[in-house]
Amino acid sequence: MSDSNVNTSRLFLGSCVALIATSVAFATVGAIMLALKREFVLTNEQVGWIGGAALWGFAVSQLLFAPLADSIGMRALLRTSFVAHVVGVLTMIFATGFSTLFAGALIIAMGNGLVEAACNPLVATLFPDNKTVKLNKFHVWFPGGVVIGGLAAFGLDAVGVTGWQVKIALVLIPTAAYGWLLLREPFPATEGVQAGVSMGEMFKAAFTTPLMLLLLVAMTMTASVELGPNRWVPAVLEAGGFAGILVLVWINGLMAVMRYRAGAVVHRLSPTGVLTASAVLAGVGLFGLGNASSGPAVFASATVFALGVCYFWPTLLGVASERVPKSGALGMGLMGTVGMATVGLIAAPQMGRIADEFAHERIPAQEVTLLFERTAMVLGNNDDPDAMAAVAAATGVLQSFVITGQLPSPGTANALRSVIASDADADLIGQAQAILGPADNYGGRVSFLYMVPLCGILFLIFGALDLKDRKAGGYRVESLEGAA
């Protein structure tokens, strides 16, 4: 990189802070869903749309804006992300219902995608001879931000500040910091622009290079293995009586530490070697999480899982940039797009479907029907909307059971959740939790096991690439002619 006016350290620091903003936003929006549901009387479908925007909004933003990093510049993308984070947070804070909540969550997600669309090629441009390691160190701050945001939210709860508006406002702190660090700072042109790569060459490399296409396929699986289970860990483990949030913080904290130490690992194994080993560890960790029945076993499995998935995302981005450099910002944007889109549209919903299916098998018909009969009797004259919803759900399940002789799925579990959410009778709630908790835990653990075969496929893909590199004399970085 030849521009002497560019402050490499400041730009890298600002990029890391920007990624903290995205991860705090990602974690916070998910953490306030229950509060939003209660305050605005939202349906589960509406809550799903708000939460889902964090995934597919990110993907859409990457797809739309990553190709523009060359033409309008990376600083312009970050200025837009800054505006999106501020406007999105304020839209949610002053929301009046579902429409404005959804709009705010989507705008925040677009800002998150803009950060990755700008900062991934920025890091690659700042450190052309050390992309994979520096991308890992940059991506320290996604799991690191989850830990920071989680601890901040926990601290607010501990001092009695429980308003969801305050929690979502936490996003504005790192947003202000990265705005101060980056928005007036001189930026370099992207690596592709410096090397004279045209827009057409970039699109051709991104969409026609066999290795790039293989890496995109691999990203659909690595993102699913990493982010799919990560989204479900708290709910699944808490249903089984474990400290799900603590396990999630442990996983993300360990991921952050390992990414920071990526240099030693990558230099010892090579990027493709790291990915091969990661596939094995991720599979072992998921298998353990799917079978763990005690606290120590859960934390041990979570540790192996974290060691497995920690290098997937940034190392794949590094390999794409180092081995298909002409794909440039577009290639890195496509990697992020297919990763997040796959998790949001396929992996997370399918894990939920599998969890529902197997959880239903563990719901005892006799206990449930007796509970729902009592629910109709105890709450039948209660005019609270949540209590009425619980009675309607319970009655519907009973009617279906009389007609078919079987409990409906997933209607039975949803009816149990309605009883719990009614907050109307402590005894009914306790019984519903005693039935639903073990069932949800079992179904969720089975959904983890269904992800293990993806790790086997990834082992074959990355193992083949690593073997090919070894036969060719080692992992080699492709450089762009004319790049500084």
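Return the pairs, sorted by first residue and then second, in which the second residue is surrounded by fewer than 24 Cβ atoms within 10 Å (Cβ to Cβ), the first residue lies in the range 7-22 and is part of a loop (DSSP other than H, G, I, E, B), the beta carbons are less than 8 Å apart, and the residues are 6+ apart or on different chains. Every condition considered, the pairs that remain are N7/E185; N7/P186. Inspect the range 30-44 for any residue being under 14 Å from the mean Cα position of the chain (by Cα), modelled with pLDDT of 90 or more and either of a type in the set (S, T, N, Q) or crowded, with 16+ Cβ neighbours inside 10 Å (or both) and give the result as yes or no. Scanning the range 30-44, I find no residue that is under 14 Å from the mean Cα position of the chain (by Cα), modelled with pLDDT of 90 or more and either of a type in the set (S, T, N, Q) or crowded, with 16+ Cβ neighbours inside 10 Å (or both), so the answer is no.
Among residues of the range 159-180 that are closer than 22 Å to A95 by Cβ, those with a beta-carbon under 6 Å from a residue that is assigned to a loop (DSSP other than H, G, I, E, B) at least six positions away or on a different chain give the pairs W164/I32; K167/I32.
Can you name every residue in the range 330-353 that is modelled with pLDDT under 90 and either of a type in the set (A, V, I, L, M) or within 21 Å of I429 (Cβ to Cβ) (or both)? Correct list: M340, A341, V343, L345, I346, A347, A348, M351. What are the residues in the range 450-471 that are within 26 Å of the chain's Cα centre (by Cα) and in contact (Cβ under 8 Å) with a residue 24 or more places away in the chain, if any? The answer is Y450, M451, V452, L454, C455, G456, I457, L458, F459, I461, F462, G463.
Listed residues V446, V477, V419; which is touching a helix residue (DSSP H, G or I) at 6+ places or on another chain (Cβ under 9 Å) and not in a helix (DSSP H, G or I)? Being touching a helix residue (DSSP H, G or I) at 6+ places or on another chain (Cβ under 9 Å) and not in a helix (DSSP H, G or I) holds for just one of V446, V477, V419, which is V477. Of the residues making up the range 380-413, just one is free of Cβ contacts under 8 Å to residues at least 12 places away in the same chain and acidic (D, E), namely D383.
Scanning the range 339-368 for residues that are within 16 Å of L407 (Cα to Cα) and surrounded by fewer than 17 Cβ atoms within 10 Å (Cβ to Cβ) yields E357, E361, R362, P364, A365, Q366, E367.
Among the residues of the range 41-95, those that are touching a residue at least 24 places away in the same chain (Cβ under 8 Å), within 30 Å of F187 (Cα to Cα) and not in a helix (DSSP H, G or I) comprise D70, S71, G73. The residue of the range 377-389 that is surrounded by the most Cβ atoms within 10 Å (Cβ to Cβ), among those that are more than 39 Å from the chain's Cα centre (by Cα) and at pLDDT 85 or above, is V378.
Each residue in the range 424-478 was checked for being under 22 Å from V324 (Cβ atoms), among the acidic types (D, E) and buried (at least 20 other Cβ atoms within 10 Å of the Cβ), and 1 of them qualify. Given the structure, is A282 over 17 Å from the mean Cα position of the chain (by Cα) and buried (at least 20 other Cβ atoms within 10 Å of the Cβ)? No, not satisfied. Scanning the range 224-244 for residues that are outside any helix (DSSP H, G or I), at positive phi and at pLDDT below 90 turns up at least one hit.
Figure legend. Inter-residue proximity from the range 297-309: first residues touching a residue at least 24 places away in the same chain (Cβ under 8 Å), second residues crowded, with 24+ Cβ neighbours inside 10 Å and among the hydroxyl-bearing types (S, T, Y), beta-carbon distance below 6 Å, spacing 6+ or different chains. Indicated pairs: G308/S278.
Scanning the range 259-270 turns up no residue that is assigned to a helix (DSSP H, G or I) and closer than 22 Å to A348 by Cβ. The residues of the range 297-329 include none that are in contact with a His (Cβ under 8 Å, 6 or more places away or on another chain) and of a type in the set (S, T, N, Q). With respect to the conditions (1) surrounded by 24 or more Cβ atoms within 10 Å (Cβ to Cβ); (2) over 21 Å from G145 (Cα atoms), G48 falls short on a single one, namely (1). Here the range 297-328 is the region considered, the condition is being within 18 Å of the chain's Cα centre (by Cα) and not in a helix (DSSP H, G or I), and the residue that is nearest to F462 (Cα to Cα) is Y311.
The values are calculated or read from the model by the stated rules, or taken from the named source; none is laboratory data. Quick caveat: nothing in here was measured; it's all calculated off a predicted structure. No Cβ is skipped: glycine too gets one built from the backbone with ideal geometry, and neighbour counts run over all protein chains shown.
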